[in-house]
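*Asks:* The structure's right below; bear with me while I get my questions together.
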Amino acid sequence: MKLKKLLKSIGVLGASCTLALSSLTTSAQEEDTIKVGVLHSLSGTMAISETTLKDTMLMLIEEQNKKGGLLGKQLEPVVVDPASNWPLFAEKTRELLAQEEVDAIFGCWTSVSRKSVLPVVEELNGLLFYPVQYEGEESSRNVFYTGAAPNQQAIPAVDYLMNELEVKRWVLAGTDYVYPRTTNKILAAYLQSKGVAEEDIMINYTPFGHSDWQNIVSDIKRFGSSGKKTAVVSTINGDANVPFYRELGNQGISAEDIPVVAFSVGEEELSGIDAKPLVGHMAAWNYFMSVDTDENNAFIDQWLEYIGNEDRVTNDPMEAHYIGFNMWVKAVEKAGTTDSDAVIDAIVGVEVPNLTGGTSKMLPNHHITKPVLLGEIQEDGQFLTVWETDGLVAGDAWSDYLEGSKDLKSDWVELDCGNYNTKTKKCVGATAE
Amino acid sequence: MLTQRLLTSDKGGMLVLGLIALTCILVPILNLAVPESSPFHVSTFAVTLLGKFLCYALLALALDLIWGYAGILSLGHGAFFALGGYAMGMYLMRQIGDRGKYGDPLLPDFMVFLNWQELPWYWHGFDMFWFAALMIVLVPGILAWVFGWLAFRSRVTGVYFAIITQALTYALMLAFFRNEMGFGGNNGLTDFKDILGFSITADSTRIGLFLASGIALMLAYLACRYIVTSRAGKVIVSIRDAESRTRFSGYQVESYKLWLFVFSAVLAGIAGALYVPQVGIINPGEFSPLNSIELVVWVATGGRGTLYGAIVGAFSVNYGKTVFTTFYPEAWLFPLGLLFVLVTLVLPKGLVGLIGRFKKSKSTSKQEEQP
Amino acid sequence: MRGGISRPNFQGESPDHPLKPDSDTTMALLKKSVCLWIALGAFLLTLPSAYAQSPAEPDFPTLVDELASGSLSKRGKTVEAIAATNHERAQTVLKALLEGSLESTRSDPRQVLIETGTDTYVLAANGEAVNADNLGRTKRIPIHNKLRSQIKTLLAQMNLSAADADVRLRAVEQMISDGVDGDSIALLQQLKADESSSDVQDAMDDAVALAQLESSDNETRLNAAKQLRGSLYPEVRGALQIVADNDSESSIRAEAQRSLDSIDSKLKMFRLGENIFFGLSLGSVLLLSAIGLAITFGVMGVINMAHGELMMIGAYTTWVIQQAFPNQIEYSLFMAIPAAFVVSGLVGIAIERGVIQFLYGRPLETLLATFGISLILQQAARSIFSPLNRAVSLPEWMSGSLQINPAFSITFNRLYILLFGLMVFFALLAVLKKTSLGLKVRAVSQNRPMARAVGVRASWVDAMTFGLGSGVAGIAGVALSQLTNVGPNLGQAYIIDSFMVVVFGGVGNLWGTLVSAMSLGVINKFMEPFAGAVLAKVLILVLLILFIQKKPKGLFPQKGRAAAD
C-alpha cells in the first residue's frame, strides 16, 4: 500500500519532470522561417531603455517581411526577457542559439550584459548585433558593434568644447562602471596630450541611480568659478540624470556658464524629463531625431505608426539597430545563406544608408563608420545640431589613448584576429577557432 | 545505522534525493551518449539550466536550515553565495593566464584596462585550486562567524536580524560595484576559459560541473539531515520555538545559532562557487538584496522547515521563471507575484505542505470513518 | 580619432520635426491673410521708429524680422544690433528670444511674434496683439549657448538702470561673472553715484575693483585688493588668487593674500552651513520615504515590501494630475497631495483587506506576500504607463534657489521638501496622539485582545492604519516626483533605505524615525566629501550594522509590554 503510493507519487513527479525537460529541450524545427532573436530586458531596471529597442526590432522585422522577407522566407522574431539579470542574459542567449536556433541576435544594452553573453555567442558561433555606445576595448568575431566606440562620441565632443567654446577646465562626471571609467580615462589622457593641466581636470564617480547631487553639483559650481571656462563631460547613466540636471538648474548653473555634454542622454531619456532646466546642455550622438533627411523622416513616420503613439521619439540606439539589421539583411542576401560563418565573411564592407544622410559601412574590426553630431537640448526635448564631423568616423575597437590597448588592432578579414599586437606581431589571447 | 537515522521518516527527502540521483545518472547519459536527433537527447542548454537550479537548490537548502529550523531569517544569504562565487571567479580569472585580450600573463583584463600595475594582495594564491577552494569555504564562513557573533551575542533577533543582514548584503553590493575594489566593478568577472585544466565550454566539463552540483546538493542534504536529527538539532528547534526557555534550561543558545549560521553560510558559498563556472559570470548584482529576498520566497514556496521543501521550492520557482520569461516576456511578473501572494495565503507550509495536507485530510477522514 | 576635423555647422533650422505637413489649401489661405497683416504691421511700425534711427542703419522692426531667418551666427549680429538701437522694446524682444517665446510664422515674409500665453501672440516689434487663428503653425526661433550668453550680457547692460533694485543687482552680478572691462568701469562708477540701494552699490564697487585688479597702476591694484576683502563672488576669489600668486609687487601680493584669507574663512563657514543643509535635505527625503513605513512596519509590524511601490503610485498620481490639468502646473502639487494620499491609501487598504489581514502575527510571511504584491504593482505600472519614465514638471515656485549671498544659496525644491517632510511628520504625530483613530491604533498595536475586549473594532483599525501608512507613502511619492524619475523602478530605489531608517530609529517610535532620518542624512553628507558617494553609503551601512549590535532595538527602543514580543 505504502509502496504503491510512493510509486505513484514518483510517477507523478517523474512525469512532470520529463514534461519540464521536454518543454525545455524541444524546439520547433520549422525550416520555412528565418528566426531572429531579440534579447532585450523587458523587466527590471533596464526595461526603461531596452523595451523600445525590442519594439524597434519587431518593427524592422515586420517591415522586412512586408518586403517579401529574406531569401524568400519570412522572418520570425523570437522575443525573450532576460529581466536585467546578467546571468539570465547568458542563459537566454543559449536558449536562443541552441534551442530556438535563431540566425542572429539583436540585443543587450549594458556592457555587463554583453560581457555575459559574449562567451556563449562565441561558443555557439552565433551573431550578435550590439546597438549601444560602449567603452570599446573589445572585438569579437561573432559580435557587431553598431553603437559608437569612444572615438565616435567622446573625443569629437571634447574637440568641439575645446575649439569652439574654449573650455579650459573639465569635470568628468560619471557613474561608477566600466563605460564611464574607460571613457574618462581616454579623455583624461587625450586632454593632457592637448596640454590641459592635471588640476584643471576633476573626475567624479557616483553609484548607479544616485539621486542626491547637492554637494557634487556645488563642487562643480565651485570648480567652475575660477575664471576659466568650465564644462562637464557626463557619462552619468540613466536614472541618475534627472536629479542631476534638476540640481544643476536649481543651483543656478545654466548651460552658458557650465555646459554639460552627456553621452548617455538621448531623446528617449529626455521624453521622461521636464526638459526646461536642461535647455542648452549638450549631448554627443551619431543620430538625432531632429536631423532632417528623407530616410530619417520615413523612419520616424514608420515608427510612430508602428507604435501608435504620436508622442514617442526615436534615438541613437534605435538607429544603430536600423543600421545593424539592414547590414545583416544585406550580408545574408550577399552570402545567400544565414550560416554564421558565411555572414561574418560577407558582412564586412557592406554599406547601408544611415538616417543622417550618409552611408555607414561595416569595418573589418566589426565596428561601423558613423558621423558624430553635437546637439543642444531644446525645450521640447529635441536636439539642435550645433556641430558635426566632416565625414564619417571609423569606429576604433582599441583606444589609442590607453596604455594597454594602443598597440592592439582588430581585423577579422586579413588577420582573423580581434586583438593583434602590432609590436609583437602576434595575435594575443583567444583567436577564432 | 546512520542512513536509517537520516532517511527514515523522511519520505519526501528520500523521494527528492532519489530524483536528484536519477537526474544525475540520466542527464549525463542522455546528453553525451544519446545523439542529438533523438527525442530523448538532453541539450547542453538543459544541462546548464538544471545545473543552475541545483546550485539554487543548495542555496535554498542552506537558508532553510537556519530559517526553517533555527528561526533565523537572513535576508542577506545571497551575500555568502556571491562571496563563494567571487572566490571561484577569481580562480577562474587567474586560469585565463595570458589568453586575455591584452595578453598580460598575470593581471586580469580589467586590471590592465584600469592601468593597475600589479596584482592586489588579495588576488594572490587564487591561481591554485586548493587555495581557492579553501577560500570558498573560509570567506563566507568567517564573515558569517564575525557577523553572527556580533549579532547573536547582542541578541539581535527576528525582524532586526533580517534587516541588518539585508544591510550587509547591500553594503557588499555597493562596495563590489566600486572599481577601486579590484573585483571588476559592475562587469564583475567573466570570460572564463578553463577549470582544473578542462575547457569550460566543453560538454564534458559541463556535465562534470552538473554532477558536482548534484553530488554537492545530495551530500549537503544528508549533512543537514544529520544536523537536524541530532541532539543539537533538537536544541536548535527548541531555540526557534522558545529561545528564552532554551537559554534558561542552560543551553548556549548563541553558540548553537552561530555554528549553524556559519555552516549555512559555507553551504551558500559552495553553491555560489558551483554556480559561477556554469553561468559564466559573477557580478555585484548577485549581492542585490532583491536576490536574497527571492531566495526566501523559494524556500517559503517549497515549504519552510522541511529540507526537501527548500529544494522543491528552488526548482519550481526558477523553472516557473524560465518558462514565464520565455512565454510571457511582457507580463511574467504578474503570475510570479501572484504565486508568492497565493503561496503565503493559501499554502503557509508551501508546496510540500500541500501534499502533507492532502495526506492528513485523508488520514483524518479515515479516522472519522472508524467508529 | 580619424577624420574628425571640426566644422561648425550652425544650422538655422529649429529641431521640431514636421510630423504632419500642412495641407496646401490651408497654407494658401493663411498666406493671404498673413500678407495683409504684414502690410498693416509694417506700415504702423515704420512710423515711430523712423525718427529715432539714422537712415544708414536698419531700423528696429527690420532687425526684429531678421531674427526669423539666417544662420545662428548671423542671428548673433542681429541681436547685437537690436541692443544698439536702444529701442524701448529691444529688451522685451531679447528677453523673449532668451526665454524661447519668440516665434516666427512659416509664411513669407516671416512674421516675428512673442507668445504671451497659450495661443496668444503679439507682434514682437510693437507689441500689438495678433489673431492667433490666422497664423498657421508657428515655430520657435532657435538659439544656442553662445547666443544665450550674449543676450544675457546685453540684457545685463540694459538692466543696469532698471527701476527694480533686484534687477539692477542681478545685472551687476551678471557683469561680474562676464568680466568687467575698461568701458564698464566708467559706466559703473557713473551709475554708482545715482545708485540708491547700498547692496547694488557694494556689488558695483566689487565689480569695479575686480576690473582694477588688472590695472597697470600699483596703487589702483593695491586699493582694489583691499576693497575686495570679504567679497564672496567666486570670480573675485579666482582673480585674487592670480594676483596673490603672480603680482610683481610683494605688498600687493600680501594684500591680496589677506583678502583671500578673509574670503576663505567666510567661505568655510558657509560651506559648513551648506553641508548641514544638504544633510538635512537628504534626511528629509529619507524621512518622507520612511515615515509611511514607520506606521505599517513600525506600528503594525507588517514588513511591507510594497511600500516603495505605494510611493511610486503617489508619484504617478502627480503625473496623472499634471496631465489632466496641463494649465495648472503651478497648483498641481496641491491637488496631487490629497489625490496621492487617497489613491495610495485605497490601494493600501485593498492590500490589507485582501492579503495582510490573514497574516497578522506572522510578520515574516507578510514580507513574502507584500514582495509578491510589489512585483505585481511594478509590472502594472509598466503595463499601464509603459516602462519609460514620465516627465513630471516642476512648478515655477519649486525651481531656482534662495540666494543668501554669492557663496551660499538654498534651492527651493529642497527647502520646501524639508519643510513638507516636517509638516507631514508632525501631522502624523498629531493624528496618532490626538485623534480617536490614533488612540485606537496605539491600543490595537499594544494589546490587540485587550483593545478588542474594550470594544475597538480591531480589523477596521488595522485597515485604517495600513491605509494611513500607505497614504503617507503616496504623499512621499509626490515629493519624490519633484526630485527624481517617475518610473516603475522608483520604489525599489528607496525601499532598503526606508527600512534602515525605521530600524535605526527604533521600531514603533515616530520620533526615532525623525531623528534617525536626519542624522543619517547629515552624517552621509559630511562623509561624502572625503569618502566619495559610494563609500560614504557603505560606511553608513557598516556603522548601522554595528550600531544595531550595540542597541538591538534602535535609537529609541519601545518600552513596556509591546517591546517584549
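The values are calculated or read from the model by the stated rules, or taken from the named source; none is laboratory data. Please read all numbers here as calculations on a predicted model, not as lab measurements. We place every Cβ from the backbone using ideal geometry, glycine too, and count neighbours over all the protein chains shown.
*Asks:* Would you check if C:Asp247 is crowded, with 17+ Cβ neighbours inside 10 Å, more than 14 Å from chain A (Cβ to nearest Cβ) and farther than 16 Å from C:Ala207 by Cα?
*Replies:* So C:Asp247 passes the test.
*Asks:* Looking at (1) farther than 23 Å from A:Gln152 by Cβ; (2) surrounded by fewer than 22 Cβ atoms within 10 Å (Cβ to Cβ); (3) within 14 Å of chain C (Cβ to nearest Cβ), can you tell me which one A:Gly358 breaks?
*Replies:* Condition not satisfied by A:Gly358: (1).
*Asks:* Among the listed residues A:Ile48, A:Ile61, identify the single one that is modelled with pLDDT under 90 and assigned to a helix (DSSP H, G or I).
*Replies:* A:Ile48
*Asks:* Being surrounded by fewer than 22 Cβ atoms within 10 Å (Cβ to Cβ) and either more than 11 Å from chain B (Cβ to nearest Cβ) or not basic (Lys, Arg) (or both) is the requirement here; does C:Leu535 meet it? Let's see the steps before the verdict.
*Replies:* Working: surrounded by fewer than 22 Cβ atoms within 10 Å (Cβ to Cβ): yes; either more than 11 Å from chain B (Cβ to nearest Cβ) or not basic (Lys, Arg) (or both): yes.
Criteria met by C:Leu535.
*Asks:* With respect to A:Asp345, is the statement that it is in contact with a helix residue (DSSP H, G or I) (Cβ under 9 Å, 6 or more places away or on another chain) and either within 14 Å of chain C (Cβ to nearest Cβ) or surrounded by fewer than 16 Cβ atoms within 10 Å (Cβ to Cβ) (or both) true? Spell out the reasoning first.
*Replies:* Details: in contact with a helix residue (DSSP H, G or I) (Cβ under 9 Å, 6 or more places away or on another chain): yes; either within 14 Å of chain C (Cβ to nearest Cβ) or surrounded by fewer than 16 Cβ atoms within 10 Å (Cβ to Cβ) (or both): yes.
For A:Asp345, the condition - in contact with a helix residue (DSSP H, G or I) (Cβ under 9 Å, 6 or more places away or on another chain) and either within 14 Å of chain C (Cβ to nearest Cβ) or surrounded by fewer than 16 Cβ atoms within 10 Å (Cβ to Cβ) (or both) - is met.
*Asks:* Count, please, the residues in the range C:512-532 that happen to be hydroxyl-bearing (Ser, Thr, Tyr) and buried (at least 19 other Cβ atoms within 10 Å of the Cβ). Steps first, answer last, please.
*Replies:* Taking the range C:512-532 as the starting set, the residues that turn out to be hydroxyl-bearing (Ser, Thr, Tyr) are C:513, C:516, C:519.
Narrowing further to those that are buried (at least 19 other Cβ atoms within 10 Å of the Cβ): C:513, C:516.
Total satisfying the criteria: 2.
*Asks:* Sort through C:Gly301, C:Gly354 and tell me the only one that's more than 12 Å from chain A (Cβ to nearest Cβ) and on the phi > 0 side of the Ramachandran plot.
*Replies:* C:Gly301
*Asks:* Assuming B:Ala175 fulfils every condition listed in (1) in a loop (DSSP other than H, G, I, E, B); (2) within 11 Å of chain A (Cβ to nearest Cβ) apart from one, which condition is it?
*Replies:* Unmet for B:Ala175, out of (1) in a loop (DSSP other than H, G, I, E, B); (2) within 11 Å of chain A (Cβ to nearest Cβ): (1).
*Asks:* Then there is this: Just the residues that are modelled with pLDDT of 90 or more and either facing another protein chain (nearest Cβ under 7 Å) or buried (at least 24 other Cβ atoms within 10 Å of the Cβ) (or both), please, taken from the range A:370-383.
*Replies:* Scanning the range A:370-383 gives A:Lys370, A:Val372, A:Leu373, A:Leu374, A:Gly375, A:Glu376, A:Ile377, A:Gln382, A:Phe383.
*Asks:* Hey, another quick one. If a residue must be under 16 Å from B:Leu307 (Cβ atoms) and either part of a helix (DSSP H, G or I) or in contact (Cβ under 8 Å) with a residue 12 or more places away in the chain (or both), how many such residues does the range B:228-265 contain?
*Replies:* Qualifying residue count for the region: 11.
*Asks:* Kindly list the number of the only condition in (1) without any contact (Cβ under 8 Å) to a residue 60 or more places away in the chain; (2) in contact with a helix residue (DSSP H, G or I) (Cβ under 7 Å, 6 or more places away or on another chain); (3) of a type in the set (S, T, N, Q) that fails for C:Ser281.
*Replies:* (1)
Every residue, every condition in (1) surrounded by 15 or more Cβ atoms within 10 Å (Cβ to Cβ); (2) of a type in the set (A, V, I, L, M, F, W, C); (3) at pLDDT 90 or above; (4) closer than 30 Å to A:Val265 by Cα, yes or no:
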| residue | (1), (2), (3), (4) |
| --- | --- |
| C:Gly354 | no, no, yes, no |
| C:Leu359 | yes, yes, no, no |
| C:Pro363 | yes, no, no, no |
| C:Asn389 | yes, no, no, yes |
| C:Met398 | yes, yes, no, yes |
| C:Leu415 | yes, yes, yes, yes |
| C:Phe425 | yes, yes, yes, no |
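*Asks:* Considering (1) within 9 Å of another protein chain (Cβ to nearest Cβ); (2) within 30 Å of B:Gly103 (Cβ to Cβ), say which one A:Ile105 fails and leave the rest.
*Replies:* For A:Ile105, the exception is condition (1).
*Asks:* Turning to a different aspect of this structure: State the number of residues belonging to the range A:64-87 that are within 14 Å of chain B (Cβ to nearest Cβ) and either in contact with a strand residue (DSSP E or B) (Cβ under 8 Å, 6 or more places away or on another chain) or in a strand (DSSP E or B) (or both).
*Replies:* Residues that pass the stated criteria total 7.
*Asks:* So which helices (runs of 4 or more DSSP H) stay within the range C:116-197 end to end and still have 2 or more residues that are closer than 17 Å to C:Leu67 by Cβ?
*Replies:* It comes to C:145-159.
*Asks:* Another question, if that's okay. Could you please give the count of residues in the range A:144-169 that are touching a helix residue (DSSP H, G or I) at 6+ places or on another chain (Cβ under 7 Å) and surrounded by 23 or more Cβ atoms within 10 Å (Cβ to Cβ)?
*Replies:* Qualifying residue count for the region: 8.
*Asks:* Also, quick follow-up: Between A:Ser41, A:Ser27, which is out of contact with any strand residue (DSSP E or B) (no Cβ under 7 Å at 6 or more places or on another chain), surrounded by 14 or more Cβ atoms within 10 Å (Cβ to Cβ) and modelled with pLDDT of 50 or more?
*Replies:* Exactly one residue qualifies, and that residue is A:Ser41.
*Asks:* Moving to a separate point now. Among the residues of the range B:106-162, count how many are touching a Leu at 6+ places or on another chain (Cβ under 8 Å) and among the small types (Gly, Ala, Ser).
*Replies:* Adding up the residues that qualify gives 3.
*Asks:* Output the residues belonging to the range A:388-405 that are modelled with pLDDT under 90 and farther than 24 Å from A:Thr424 by Cα.
*Replies:* Hits for the range A:388-405 are A:Glu388, A:Thr389, A:Asp390, A:Gly391.
*Asks:* Still on this structure, I have one more. Closer than 26 Å to C:Gln403 by Cβ and at pLDDT 80 or above: which single residue out of C:Ser177, C:Ser259, C:Ser251, C:Ser184 fits that description?
*Replies:* Going through C:Ser177, C:Ser259, C:Ser251, C:Ser184 in turn, the sole match is C:Ser259.
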